[in-house]
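Please read the structure below before turning to the comments.
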Amino acid sequence: MNDAAVLAVIVAVRGLVPLLIFRWNLAGALLAIAADGSDAIIQDVLGAEPLRGCYHEFDKVFDTYYLTIELGVALRWGDPVARWMLAGLFALRLLGIAVFELTGAREVILFAPNVFENYYLVLAGLRSIRPGYRLRGWGEAVLWLAAVTPPKVLQEYVMHYREAQTWHFVRDEIFTPWN
């Protein structure tokens, strides 16, 4: 398949899948994460690399797109503590990305990790189990923040600070030895 066709597939996946978040807050978000990780897989499977040299910029645009949808959904929840916490985490991430883009300093990502996404997933998950779930106050909000932050910081360290290519590692170290 040529680069233009592969790019069209990637844009369709990254652009359409996050729309599911509006209908299925948790499942749609999980599918958006899967779509986020599908770029390299789609390029490998279809045999073209239309994102070579511009992947970072492309990925940030589509990441911000689906995270903005998640924020929009969360802002409609009847939970003021969750709305404030998620809005703050989203703003922190945007600020971190802006500072990183302006300075190129990778360590900025460690100080502004995408904790928003994990926090959203926890709350969307709780709301899928108990519709109308609300945080009982700032104490509970901070406990959830303490729970979701360490795994995200570790992921940001591996993927963005150390620049490990997750799909290539899985493909080369997990799938390839079995061939």
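The C-beta contact set for the range 126-147 (first residue in a helix (DSSP H, G or I), second residue among the polar types (S, T, N, Q), distance under 8 angstrom, 6+ apart or interchain) comprises R127/N25; S128/N25.
Out of L102, L123, report the one residue that is in a helix (DSSP H, G or I), hydrophobic (A, V, I, L, M, F, W, C) and under 16 Å from the mean Cα position of the chain (by Cα).
Exactly one residue qualifies, and that residue is L123.
For the range 54-89, the set of residues classified as more than 19 Å from P18 (Cβ to Cβ) and either hydrophobic (A, V, I, L, M, F, W, C) or buried (at least 16 other Cβ atoms within 10 Å of the Cβ) (or both) consists of C54, D79, V81, A82, R83, W84, M85, listed by residue number. Out of the range 1-31, which residues are modelled with pLDDT under 90 and open to solvent by less than 60 Å² (accessible area, probe 1.4 Å)? Result: no residue meets the conditions. Annotation: of all residues in the range 32-52 being buried (at least 18 other Cβ atoms within 10 Å of the Cβ) and either of a type in the set (A, V, I, L, M, F, W, C) or at pLDDT 95 or above (or both), the one that is nearest to the chain's Cα centre (by Cα) is A32. Give the residues of the range 103-146 that are among the small types (G, A, S), under 18 Å from R83 (Cα atoms) and surrounded by fewer than 17 Cβ atoms within 10 Å (Cβ to Cβ), sorted by residue number. Result: G125, S128, G132, G137, G139, A146. Between G78, G28, which is under 24 Å from P131 (Cα atoms), of a type in the set (G, A, S) and outside any helix (DSSP H, G or I)? Sole residue among the options that is under 24 Å from P131 (Cα atoms), of a type in the set (G, A, S) and outside any helix (DSSP H, G or I): G78.
Hey, does the range 168-178 have a residue that's at pLDDT below 95, of a type in the set (A, V, I, L, M, F, W, C) and surrounded by 12 or more Cβ atoms within 10 Å (Cβ to Cβ)?
yes
If you go through the range 1-28 and keep only what is hydrophobic (A, V, I, L, M, F, W, C) and in contact with a Lys or Arg (Cβ under 8 Å, 6 or more places away or on another chain), you end up with just L26.
The values are calculated or read from the model by the stated rules, or taken from the named source; none is laboratory data. Keep in mind that what you see is a predicted model, and the values were worked out from it rather than measured. Positions of Cβ are backbone-derived with ideal geometry, glycine not excepted, and every protein chain shown enters the neighbour counts. Note: accessible area is taken over every heavy atom of the protein model, side chains too, but ligands, DNA and RNA are not part of it. Shrake-Rupley method; radii C 1.70, N 1.55, O 1.52, S 1.80 Å.
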